[in-house]
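Quick notes on the structure that follows.
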Amino acid sequence: MTNKLFNSLEEAEDFLKEQFGDGESFDVGIKHLFVKDLPVLCAYISGLVDGEALTQLLSSMLPEEDIDIDDEKEYFETIFNFHGRSEETERKAYLLAILSGQVTFITKGGYCYVAELRNYPGRSPEEPDNEKVIRGSRDGFTEGISQNTALVRRRIRNSNLRFELHKISKIGQTDVAIAFMKDIANEEMLDKLRQRLGQINHDGLTMADKSLEEWLFKQKFHPIPFVRYTERPDIVAAHLLEGHVAIMVDTSPSVILVPITIFHLLQHAEEYRQAPIVGTFVRFMRYFGTIMGLLLLPLWYLFVTNESLLPDTLSFLGSQEKSHIPILLQILIADIGIEFLRMAAIHTPTPLSTAMGLVAGVIIGQIAIDVGVFSSEVVLYTAVGAIFTFIIPSYELSISIKLFRIFLLLMTGIWGADGLFIGLFILFTYLCSLRPLQAPYLWPLVPFFPTAMLRVIIRFPMTSDALRPFVVDSKQRKRS
């Protein structure tokens with residue numbers, strides 16, 4: 001049985017020209033070279049390889065003296081003893097190696113060798129903008145999957161750390177790596193993830209990790225995030241040691257963590273960079289802010305429209321100014337207006353963003369109050385509600401909280417106090433019904449696990465003997 005890929009160099013060249021065209025793509029290199037005295041056909045994508053390393057490698061292979069070639073395969077493997085060399089025997093894999101940035105060599109006899117000289121364009125690791133800490137590492141994931149795996153390997157120096165590589169989609173052939181700790185991560189969950197990855201039948205993951213999330217977890221029109229995104233290697237390493245699974249997608253600096261609950265989305269690395277009592281205080285503040293971000297505006301509107309519910313000591317909560325626009329409409333316009341400002345800030349060049357904030361906050365806001373579009377109380381409480389949503393570490397969850405807040409406002413506006421409690425019941429029931437990857441979304445609150453719930457509320461010292469979370473269903477609950 002031969003392991004030749006082609007019968008001759010001419011056949012290999014014809015195959016490459018058929019796939020890439022004859023001179024149709026300037027970045028495709030198809031070169032006739034010599035490895036000492038052996039003619040070879042070299043193929044690569046110029047933008048994906050390390051040009052300097054390739055030049056040095058080929059320079060060392062220039063002919064120096066006549067050498068008798070008895071066994072071409074043995075000759076090439078002896079001369080071309082590059083540490084990243086491998087052999088390919090299938091044309092599909094050969095073509096994918098070129099497209100992935102590897103350098104391929106076809107010998108005169110038709111044998112195929114691949115050299116690992118990939119050098120993807122990208123930036124150096126830097127601290128993520130949305131996950132900054134006062135104390136802690138300043139490196140973060142980049143768009144290169146190899147660099148991202150190295151950042152995790154640096155923190156977990158254990159041979160049980162696994163990175164399973166998968167090629168996803170028909171045309172895009174995107175690299176997706178499943179990271180987990182062997183003998184800690186749940187095998188049934190891993191099998192389910194592998195099965196779902198194999199069932200993806202699509203042209204390409206153009207939106208990288210977000211596209212993959214929708215394919216894996218069938219999110220459809222659910223507003224709530226089913227996974228946790230992070231760009232910090234230390235967060236990924238901590239979750240892997242707990243028994244979670246991380247999913248890395250090439251070209252994306254965000255890593256997907258599963259399984260998760262809503263409380264994972266409210267965690268932040270800063271809590272573990274401070275003393276336990278300080279971390280607990282920060283966690284309390286974040287939970288309080290999340291609840292108030294959901295309830296502040298509906299409760300204020302309820303009190304304004306039902307002054308009989310207000311005790312005399314809280315009479316100042318009512319609206320002191322009259323407007324021609326109903327208060328509910330004022331709140332909705334102001335709340336949605338803040339979202340417009342956020343979107344504008346994203347698309348505004350950095351040197352102009354400060355000026356835009358001044359125009360929006362001072363000029364538009366003050367004039368809107370002066371002309372009677374908004375009452376000053378509406379602007380105040382809407383701004384405070386927005387600040388509460390901004391403290392949520394997960395951007396996806398903060399947007400969900402905003403949608404739920406609008407839902408509760410509408411329910412309160414239609415049915416008053418009854419509508420608010422009905423809306424809260426619907427929202428609570430909805431969250432209880434969610435079980436992404438069979439993990440209850442409100443665990444350990446529903447179902448209630450007192451000990452686990454205590455650890456969610458309080459940031460215990462790291463020296464305390466804690467079991468791995470029940471929700472990950474790890475084979476080794478006790479930490480070593």
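The relative contact order of region 136-204 comes to 29 percent, based on Cα pairs under 8 Å that sit 6 or more residues apart. Annotation for region 74-115 versus region 287-306: alpha-carbon center distance of 64 Å. Net charge in the neighbourhood of Glu131 (other residues with Cβ under 13 Å of its Cβ; Lys, Arg +1, Asp, Glu -1) is -3. Using heavy atoms of the protein chains and a probe of 1.4 Å, the accessible area assigned to Ile277 is about 130 Å². Loop exposure criterion: chymotrypsin sites (Phe, Trp or Tyr not before Pro), DSSP state outside H, G, I, E and B, at most 15 other Cβ atoms within 10 Å. Applied to the chain, the longest stretch between such sites is 222-447. Phi angles of region 339-349 translate, via the Karplus equation with coefficients 6.51, -1.76, 1.60 and θ = phi - 60°, into HN-Hα couplings of 5, 4, 4, 4, 5, 5, 5, 5, 8, 8, x Hz per residue; Gly and Pro are given as x. Near Lys402, which aspartates and glutamates are there with a Cα under 15 Å away, not counting those fewer than 8 places off in the same chain? Of all the aspartates and glutamates, those that pass the test against Lys402 - Cα under 15 Å, at least 8 places apart if same chain - are Asp335, Glu339. Accessible surface for the chain, divided over its residues, is 52 Å² per residue with a 1.4 Å probe.
Name the longest site-free stretch of the chain, where the excluded sites are GluC sites (Glu not before Pro) in a DSSP loop with no more than 14 other beta-carbon atoms within 10 Å. Excluding the exposed sites themselves, the longest stretch runs over 127-320.
For region 405-439, backbone nitrogen atoms closer than 19 Å to the point 7 Å from Leu309 Cα along Cα-to-C-beta are found at 405-428. Here the simple spin-label model places points 7 Å from the Cα toward Cβ, and for Lys73 and Asn130 these points are separated by 5.2 nm. Relative to the compact-globule estimate of 2.2 N^0.38 Å, the Cα radius of gyration of the chain comes out at 1.27. Applying both filters, DSSP loop and at most 14 other Cβ atoms within 10 Å, to the trypsin sites (Lys or Arg not before Pro) of region 146-240 gives Arg154, Arg157, Lys170, Lys182, Lys218, Lys220. Distant-in-sequence amide contacts of Arg459, defined by a placed amide H-H separation under 5 Å and a gap of 5 or more residues or a different chain, comprise Thr280. For region 233-329, the direction-averaged projected area of the alpha-carbon convex hull comes to 11.0 nm².
Rolling a 1.4 Å probe over the protein heavy atoms of the chain, with every protein chain left in place, gives an accessible area that is 59 percent carbon and sulfur.
Averaging over all projection directions, the Cα-based convex hull of region 77-215 occupies 11.6 nm² in the image plane. If you take all other residues with their beta carbon under 15 Å from the beta carbon of Met453, and give Lys and Arg +1 and Asp and Glu -1, the sum is +3. Its alpha carbons give region 1-144 an Rg and a Dmax of 18.7, 65 Å.
Taking 26 Å as the limit for the C-alpha separation, the pairs Lys73/Lys167; Lys167/Lys210; Lys192/Lys220; Lys4/Lys31 exceed it in the case of Lys73/Lys167. In a simple Cβ point-charge model (Lys, Arg +1; Asp, Glu -1; nothing else charged), the chain has a dipole of about 2500 debye relative to its Cα centre.
The values are calculated or read from the model by the stated rules, or taken from the named source; none is laboratory data. Given the structure is predicted, the values throughout are model-derived calculations rather than measurements. Backbone-built Cβ (ideal geometry, glycine too); neighbour counts: all protein chains shown. What goes into the accessible areas is simple: the full protein's heavy atoms, side chains included, and nothing from ligands, DNA or RNA. Shrake-Rupley method; radii C 1.70, N 1.55, O 1.52, S 1.80 Å.
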